[in-house]
Amino acid sequence: MASAQPFTENSENIDVSDYMALVGRQARAAATDLSAATTQVKNQALLGIADAIAVQADSIRQANSKDMAAGRQNGLDAALLDRLELTDGRIEAMIDGLRQVVALADPVGEISDLAYKPSGIQVGRMRVPLGVIGMIYESRPNVTIDAAALCLKSGNAAILRGGSESLHSNLALARCVADGLQAAGLPATAVQVVSTRDRAAVGEMLAMRGVIDVIIPRGGKSLVERVSEDARVPVIKHLDGNCHTYIDDSADAEMAIAISVNAKTHRYGVCNAMESLLVAETVAPSLLPRLAEPLLAAGVELRGCERSCQLVPAMSSASDSDWDEEYLAPVLSVKVVAGVDEAIRHIAAHGSGHTDVIVTEHLGRAQQFLRQVDSSSVMVNASSRFADGYEYGLGAEIGISTDRLHARGPVGLEGLTSQKYVVLGEGQVRGG
């Protein structure tokens, strides 16, 4: 079978529909090969990709520089440029992430719950790959490696469509992935990066029922909404990350300040950054002015309720829409609440089901918060920035799901597999 060759939006005589059909056929064929690959072979490919990234780091940086220059010229904002940039640290993190995935247990073929039934048969469940994973994402080229690593280790073929702003970076990383796959004797088409800027490719992916088994969008709300509405295949998604931190009246003040400042200012353009701060009314007069000082010094715009504005004169009034906003920017909504019950109600009304935090020294309130807040990650006394596959020990993540079905939270290896029933018998036949 001929391989799909990289091309750009300037290529002539290229039919996007034909190109994507070829990509799909190659992915389905590669998925069959991957399903039979041993853990050793898959790990060899992952280590080969890591080695290729290390060797080709200069080329990757050069490609990323082209994307960064074009991004600035095209007016990308600071948050998007931050997501787009591949620093030395982020390149090293990709390599580390690949090696972490190597160290993880391979879920494929694992049999669980095997038990004898009255008939004498044994019934259990075996974990199996989903098949072909489609990823549509924006800006962050490191997602290319995260997705490739997790799809490969979980036995899935991948079709990856990054944003046009990161095309040079993604193609440079795709070469590393192909080198690692081929070195391990696996088809290079097991992971394919769609190499056209033509947006028609996204529409083709959304309609590839019978070829792509699940699509995972990772990017802005408009992208996720479009994929969710138009896809003819299952979707694993989260629309936005309106993450809350609630500071209880029993909280250690220094801990609360450190957690809140980190959750907001560590990085702005990420889905696990704090976007809403809730403070118990009994500690707000003493704590909120102290907390506002480092946030304002970092350039964060504070938008608060009436009581918050009284306590911090530099704060502007929040509108009704601020409570629902994922800013992805140095902006924070602030509200004084009566206590944990009102905080939980506020999160239920305005949260996005991504990540929510309570800072407290009260065990009962911590347990109440953990039970009643219905988000994919709920934390006690830790920054929301930890809601991440790498930090959870998954090696990497292919995305964060706020759905309740099939996977929830950071989606790692297990989230990219399903289970089938297996039955072991000794000649039993069913009577009656």
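Just so it is clear, none of the values below were taken in a lab; they were calculated from the coordinates. Here the structure is a predicted model, which is why all the values come from computation and not from measurement. Quick reminder, even Gly has a Cβ in these numbers, built from the backbone with ideal geometry, and neighbours come from all protein chains shown.
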**Message:** Over the chain, with a Gaussian network built from C-alpha contacts below 10 Å, which listed residue (Q367, Q100, Q26) shows the highest mean-square fluctuation?
**Reply:** Q367
**Request:** Using only Cα atoms, find the angle between the long axis of helix 57-73 and the longest principal axis of the chain, and express it within 0 to 90 degrees, rounded to the nearest 10.
**Result:** 50
**Asked** Against the longest principal axis of the chain, how steep is helix 363-372, in degrees 0 to 90 to the nearest 10, with axes from Cα atoms?
**Response** 50
**Message:** Looking only at the chain, where both bridge partners belong to it, what percent of the DSSP beta bridges are antiparallel (to the nearest 5)?
**Reply:** 25
**Asked** Taking a quarter of the surface of the convex hull around the Cα atoms of the chain, what do you get in nm²?
**Response** 25.0
**Asked** What 222 nm value per residue comes from the helices of the chain, counting each DSSP H run with n ≥ 4 as -39,500 (n - 2.57) and dividing by all residues, nearest 500 deg cm²/dmol?
**Response** -13000 deg cm²/dmol
**Item:** Residues whose placed amide H lies under 5 Å from that of S139, excluding near-sequence neighbours
**Value:** G163, E165, S166
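Given the peptides 210-216, 241-247, arrange them by the average over their residues of other C-beta atoms within 10 Å, most packed first.
The densest-packed peptide leads the list: 241-247, 210-216.
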**Fill in**
Of 144-154, 305-315, ordering from highest average Cβ density within 10 Å down gives 144-154, 305-315
**Prompt:** With θ set to phi - 60° and the Karplus curve 6.51 cos²θ - 1.76 cosθ + 1.60, what are the ³J(HN,Hα) couplings of segment 277-283 in order, to the nearest whole Hz, using x for Gly and Pro?
**Reply:** 10, 10, 10, 4, 5, 6, 10
**Complete:** Stretched fully, the stretch from V423 through L296 gains (0.36 nm per residue minus C-alpha distance, one decimal, in nm) 39.5 nm
**Message:** Bins of 10 Å, beginning at zero and ending with the bin holding the largest distance: percent of Cα pairs per bin for segment 243-386, please.
**Reply:** 13, 50, 34, 2
**Message:** What do you get for the angle between helix 16-35 and the principal long axis of the chain? Use alpha-carbon atoms, 0 to 90 degrees, nearest ten.
**Reply:** 80
**Complete:** Within segment 79-232, the percent of DSSP beta bridges that are antiparallel, given to the nearest 5, stands at 20
**For segment 179-294, convex hull of alpha carbons as volume per residue, Å³** = 188
**Request:** Could you run the Karplus curve 6.51 cos²θ - 1.76 cosθ + 1.60 with θ = phi - 60° over segment 154-167 and give me ³J(HN,Hα) per residue in whole Hz, x for Gly and Pro?
**Result:** 8, x, 9, 6, 9, 10, 10, 10, x, x, 4, 5, 10, 4
